[in-house]
Amino acid sequence: MKSVAVLKKPKMITGVNSFECSFDAKSINESFARLLVSAFVSQLDPTVADMTDLKTAVSEAVTNCIVHAYRDREKYKNARVYLSGVYFPDGTVSITVKDKGCGIDDIKQAMEPLYTTSPSDERSGMGFTVIAGLSDKLKVSSDVGKGTTVTIEKKVFGG
């Protein structure tokens with residue numbers, strides 16, 4: 001009797017619509033990320049305030065990747081930012097910003113207002129504070145030396 005290998009399908013996100021992309025970890029691409037998210041979320045007919053909140057939160061998360069995760073530019077010459085999103089029937093939007101950079105040693109400390117890994121660059125240390133304030137739910141996971149994943153959830157109305 002022959003044995004048959006059964007491949008399991010990966011667990012799929014059961015949203016209404018989704019996207020995935022990646023781009024060079026360059027400051028100029030922060031505006032691209034904002035534009036992509038606003039085009040994606042516009043399908044839900046969000047309020048101007050909800051759209052602004054999401055674009056600003058994504059901007060902060062992408063900036064964190066570029067400035068902090070890939071701060072050693074020699075080590076991360078071909079650095080990428082991975083951006084994905086999904087929206088659900090209830091109007092909740094989930095946006096994930098991921099990097100494969102240095103990772104965060106202490107997430108709790110990194111989320112403290114005014115904490116920064118780049119004080120000499122005059123960074124304010126308010127990135128995660130701003131993201132948390134503009135989103136309904138914020139999840140941060142990280143492995144030192146492997147990267148960080150930031151997931152932002154916000155309920156937008158009109159969807």
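Any read-out appearing in this document is the output of simple, stated calculations on the displayed coordinates, not a laboratory observation. Everything numeric in this text was worked out from a predicted model, so none of it was measured. We place every Cβ from the backbone using ideal geometry, glycine too, and count neighbours over all the protein chains shown.
Going through the stretch 23-92, which trypsin sites (Lys or Arg not before Pro) have at most 10 other Cβ atoms within 10 Å and a DSSP loop state? Intermediate values should be presented prior to the final figure.
On the way: sites: 26, 34, 55, 71, 73, 75, 77, 80; in loops: 26, 71, 73, 75, 77.
For trypsin sites (Lys or Arg not before Pro) across the stretch 23-92 that sit outside H, G, I, E and B with at most 10 neighbouring Cβ atoms in 10 Å, the list reads 73, 75, 77.
Where Rh denotes the Kirkwood radius from the mean inverse Cα pair distance, what is Rg over Rh for the stretch 20-155?
A ratio of 0.95.
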